[in-house]
1. Can you tell me which condition residue 129 does not meet? The list is (1) modelled with pLDDT of 85 or more; (2) out of contact with any strand residue (DSSP E or B) (no Cβ under 7 Å at 6 or more places or on another chain), and all the others hold.
2. Has region 36-53 got any residue that is at pLDDT 90 or above, farther than 28 Å from residue 216 by Cβ and not in a loop (DSSP other than H, G, I, E, B)?
3. Select, from 120, 96, the only residue that is assigned to a loop (DSSP other than H, G, I, E, B), touching a helix residue (DSSP H, G or I) at 6+ places or on another chain (Cβ under 9 Å), surrounded by fewer than 17 Cβ atoms within 10 Å (Cβ to Cβ) and modelled with pLDDT under 95.
4. Only residues that are surrounded by fewer than 18 Cβ atoms within 10 Å (Cβ to Cβ) and within 18 Å of residue 225 (Cβ to Cβ): list them for region 330-357, please.
5. Which one is surrounded by the fewest Cβ atoms within 10 Å (Cβ to Cβ), of the residues in region 313-329 that are part of a helix (DSSP H, G or I) and touching a helix residue (DSSP H, G or I) at 6+ places or on another chain (Cβ under 8 Å)?
6. Only one of 166, 162, 172 is under 18 Å from the mean Cα position of the chain (by Cα) and either closer than 24 Å to residue 71 by Cβ or buried (at least 24 other Cβ atoms within 10 Å of the Cβ) (or both); which?
7. Please specify each residue of region 282-312 satisfying the condition of being part of a loop (DSSP other than H, G, I, E, B), without any contact (Cβ under 8 Å) to a residue 40 or more places away in the chain and closer than 17 Å to residue 82 by Cα.
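The values are calculated or read from the model by the stated rules, or taken from the named source; none is laboratory data. Owing to the predicted nature of the structure, the values given are computational and were not obtained by experimental measurement. Cβ atoms come from the backbone with ideal geometry, glycine included; neighbour counts cover every protein chain shown.
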């Protein structure tokens with residue numbers, strides 16, 4: 001099945017994508033790297049990756065007759081993201097959920113290709129919501145090269161890329177691999193706050209702030225809380241230090257964002273204390289449509305407690321003390337840690353220890369008291 005590559009590119013650019021490439025429908029040698037990463041347990045609690053490993057590494061196991069990938073990317077670089085008053089947020093998460101905006105654009109492109117003669121239902125669509133090695137497909141389609149941080153760097157757009165793709169039965173001419181490499185640069189490895197980039201091109205997700213503040217549902221390991229610094233959700237450090245950042249939208253420095261990259265209203269109105277005290281009704285009323293929902297409400301409140309502890313802002317103490325009585329033990333545990341950082345002599349710690357029944361929280365309270 002054939003279609004003009006020029007038409008595909010033109011339609012994709014009309015949908016707001018900055019980069020378009022054509023490549024194989026399978027991840028190629030990246031599949032073995034992924035399986036070894038799983039075997040090493042570096043996916044942490046993201047059990048769905050192991051569950052779907054066959055589909056992820058062999059698209060033909062769930063897509064009949066795939067021949068090519070249309071790889072797409074949008075440059076989301078722009079001003080750093082943060083809540084008013086502090087609490088950094090990864091740039092991609094400042095706007096409304098990119099799964100919606102990119103997904104809508106990708107589905108529209110699929111519909112346009114169907115109008116050009118591709119059989120309806122023959123094309124499968126991302127982004128980041130189906131079992132695919134998206135970065136591998138982007139690399140094989142020439143969108144960029146593999147960064148030492150394990151991301152994709154476009155030589156023209158830099159590392160701030162949202163990826164999407166269409167797996168198709170089309171016979172498209174594959175693009176050449178992207179020019180460029182990281183060379184001898186190791187800035188991302190050296191700058192990673194938690195040492196999560198354990199080797200060039202290899203990340204241990206269990207140590208990565210983009211895992212511990214988003215995907216992890218339990219306690220953030222104690223040794224990773226201080227390195228979290230003021231990151232509320234995700235982390236951009238490996239991108240910020242990358243020399244290629246100066247080539248994309250992030251290099252503009254104008255503070256102007258495309259319409260679909262403008263901050264979600266909640267991220268312009270809530271402070272860290274507001275997040276810490278966020279109740280279920282406000283969560284549903286104010287935070288719908290933001291990627292931060294991925295962390296779930298109590299996970300985000302857990303993150304806010306850690307950031308408040310790292311900032312050592314004594315004005316946050318009354319809210320932290322109130323949160324020692326929170327119904328969720330996960331929140332109470334991290335609040336106890338935060339108070340131990342801000343005011344280890346706070347009398348509320350001993351009072352809370354006297355009534356606490358959860359063993360993990362009791363241990364956190366005792367640890368906080370020992371900081372005296």
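1. It fails just one condition, (1).
2. Quick first cut of region 36-53, residues at pLDDT 90 or above only: 36-53.
Add one more test, that the residue is farther than 28 Å from residue 216 by Cβ, and what stays is none.
There is no residue in region 36-53 that is at pLDDT 90 or above, farther than 28 Å from residue 216 by Cβ and not in a loop (DSSP other than H, G, I, E, B).
3. On the way: 96 fails: surrounded by fewer than 17 Cβ atoms within 10 Å (Cβ to Cβ).
Unique residue meeting the criteria: 120.
4. 344
5. Looking only at region 313-329, we keep the residues that are part of a helix (DSSP H, G or I), and these are 314-323, 329.
Applying the additional criterion that residues be touching a helix residue (DSSP H, G or I) at 6+ places or on another chain (Cβ under 8 Å) yields 314, 316-317, 319-321, 323, 329.
Details: 314: 11, 316: 24, 317: 16, 319: 17, 320: 26, 321: 18, 323: 24, 329: 18.
Applying the filter and picking the extreme gives 314.
6. Numbers: 166 fails: under 18 Å from the mean Cα position of the chain (by Cα); 172 fails: under 18 Å from the mean Cα position of the chain (by Cα).
Just one listed residue meets the conditions, 162.
7. Across region 282-312, the qualifying residue is only 287.
For (1) at pLDDT 95 or above; (2) crowded, with 21+ Cβ neighbours inside 10 Å, each residue gets a yes or a no:
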| residue | (1), (2) |
| --- | --- |
| 213 | yes, yes |
| 230 | yes, no |
| 253 | no, no |
| 258 | no, no |
| 262 | no, no |
| 275 | yes, yes |
